[in-house]
Amino acid sequence: MKQTTLDTHEQINHLIEESDFSGVVLAANEETSILQKASGFANRADMRPNQVNTRFGIASGCKIFTAIGICKLMEEGRLSFDTTLSSILQYDFPLFDSSITVHQLLTHTSGVPDYFDEETMDDFADLWKERPMYLVEDLKDFLPMFQNASMKFKPGERFHYNNAGYILLGLIIEEVTGRTFRDYIMEELFGKVEMKDSGYFFMDRLPINTAFGYISEDRTNIYSLPIVGGSDGGAYITAKDMAKFWKALMNHELLSAELTKRLLTPHVEVEEGEYYGYGVWISKQDDSIYKYHVMGYDPGVSFHSGFYPQSGLTLVVVSNKSEGAYAITKKVEELICDEA
């Protein structure tokens, strides 16, 4: 891992200022933080600045939490990766293939129709123009948006990033545990890792020290997303809590070594050098794993975070704007993460 220098920090600070980045950047190894920087405002009307412990929405970046929840049930013998959707959920899916498995849902290879299909739709906020976002509170509230649609392709045929598939995984967790998805993840994951500042918060009653997401200079994203996050996205985290998460995952504090390995296996190739495990993206360089990473983009949210196994570095870049996290991530990788 390259050592940070005054010049390194100056280059990153320059990019943050030049790009008008609003959010937090945290780079850390096992022992200490190498880089910590907050910029911009959590609340622009009150000019309340972002701080390193500010909570941010992470959109789809929390699909890995859902995948870990499913894997915990595997560990307990309450599910298998070959369990079929039709055998465990009692909801009506008249046009779904009865052979869809949990493994296929985890890897976005199930072929189920998505309620927000990124191949045909551009703006997530368009979903709520005819459907009040404040009524989409429970996971089952998403079902009318896709449960009667036709399959996109035969199960296992190919990769297609799919939010509805992760809604179904959340419903499976609820069916097996008898608990709400949010309660399950809060207790079994956030509680175990002591991610005390993170959670699934209602947008109309956000807790103290939470950043509003901004879709324009003075307009927040409160009408652009479901009122509360769920199994396909929408959790809020702090950068420090996300670093705790990666450490706990890699130290097998959340799952056994066997299931951690299964979670982090490149199950499907998405494009050259880029793979998908269970809720996690995996990048390879020269046939070696360069990073495990998650990302999330919503109106007023941009997020990237990863663990770099060759250097032991963890990186968290989270923003309350619709873009910005990717450019900062690439710069930090260039200056700090990449092997010399």
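For the range 239-282, which positions are touching a Ser or Thr at 6+ places or on another chain (Cβ under 9 Å), in a strand (DSSP E or B) and of a type in the set (F, W, Y)?
The answer is Y275, Y276.
Being in contact with a Leu (Cβ under 8 Å, 6 or more places away or on another chain) and under 24 Å from F212 (Cα atoms) is the filter here; which residues of the range 13-36 pass it?
Kept after step one, since they are in contact with a Leu (Cβ under 8 Å, 6 or more places away or on another chain), are these residues of the range 13-36: 21, 25-29, 33-36.
Result: F21, V25, L26, A27, L35, Q36.
Restricting attention to the range 136-167, and to residues there that are in contact (Cβ under 8 Å) with a residue 60 or more places away in the chain and among the aliphatic types (A, V, I, L, M), which single residue is surrounded by the most Cβ atoms within 10 Å (Cβ to Cβ)?
It comes out as I167.
Residue under question is G69, and the condition is that it be small (G, A, S), modelled with pLDDT of 95 or more, surrounded by fewer than 22 Cβ atoms within 10 Å (Cβ to Cβ) and closer than 30 Å to T180 by Cα; does it hold? Outline the logic, then answer.
Values: small (G, A, S): yes; modelled with pLDDT of 95 or more: yes; surrounded by fewer than 22 Cβ atoms within 10 Å (Cβ to Cβ): no; closer than 30 Å to T180 by Cα: yes.
Answer is no for this residue.
Whether any residue in the range 96-106 is within 28 Å of F202 (Cα to Cα), under 21 Å from the mean Cα position of the chain (by Cα), aliphatic (A, V, I, L, M) and at pLDDT 95 or above is what I want to check. Spell out the reasoning first.
To start, the set of residues in the range 96-106 that are within 28 Å of F202 (Cα to Cα) comprises 105-106.
Retained after the next criterion (residues that are under 21 Å from the mean Cα position of the chain (by Cα)): 105-106.
Applying the additional criterion that residues be aliphatic (A, V, I, L, M) yields 105-106.
Now drop any that are not at pLDDT 95 or above, which leaves 105-106.
Yes, some residue in the range 96-106 is within 28 Å of F202 (Cα to Cα), under 21 Å from the mean Cα position of the chain (by Cα), aliphatic (A, V, I, L, M) and at pLDDT 95 or above.
I'm trying to understand the selection: among the residues of the range 120-145, which are over 21 Å from V301 (Cβ atoms) and either in a loop (DSSP other than H, G, I, E, B) or of a type in the set (S, T, N, Q) (or both)?
Across the range 120-145, the qualifying residues are T120, E130, D138.
Report, by residue number, each residue of the range 84-100 that is surrounded by fewer than 20 Cβ atoms within 10 Å (Cβ to Cβ) and either of a type in the set (S, T, Y) or not in a loop (DSSP other than H, G, I, E, B) (or both).
Looking only at the range 84-100, we keep the residues that are surrounded by fewer than 20 Cβ atoms within 10 Å (Cβ to Cβ), and these are 84, 86-92, 94-95, 97-99.
Result: T84, S86, S87, I88, Y91, S98, S99.
Looking at G170 and the list (1) closer than 19 Å to D232 by Cβ; (2) small (G, A, S); (3) free of Cβ contacts under 8 Å to residues at least 40 places away in the same chain, which single condition is not satisfied?
Every condition holds for G170 apart from (3).
Can you tell me which residue among G191, G178, G233, G213 is under 24 Å from K72 (Cα atoms) and either surrounded by 19 or more Cβ atoms within 10 Å (Cβ to Cβ) or touching a helix residue (DSSP H, G or I) at 6+ places or on another chain (Cβ under 8 Å) (or both)? Outline the logic, then answer.
On the way: G191 fails: either surrounded by 19 or more Cβ atoms within 10 Å (Cβ to Cβ) or touching a helix residue (DSSP H, G or I) at 6+ places or on another chain (Cβ under 8 Å) (or both); G178 fails: either surrounded by 19 or more Cβ atoms within 10 Å (Cβ to Cβ) or touching a helix residue (DSSP H, G or I) at 6+ places or on another chain (Cβ under 8 Å) (or both); G213 fails: under 24 Å from K72 (Cα atoms).
Only one candidate passes the filter, namely G233.
The values are calculated or read from the model by the stated rules, or taken from the named source; none is laboratory data. Because the structure is a prediction, the values reported are computed rather than measured. All Cβ positions, even for glycine, are placed from backbone atoms using ideal geometry, and neighbour counts span all protein chains on display.
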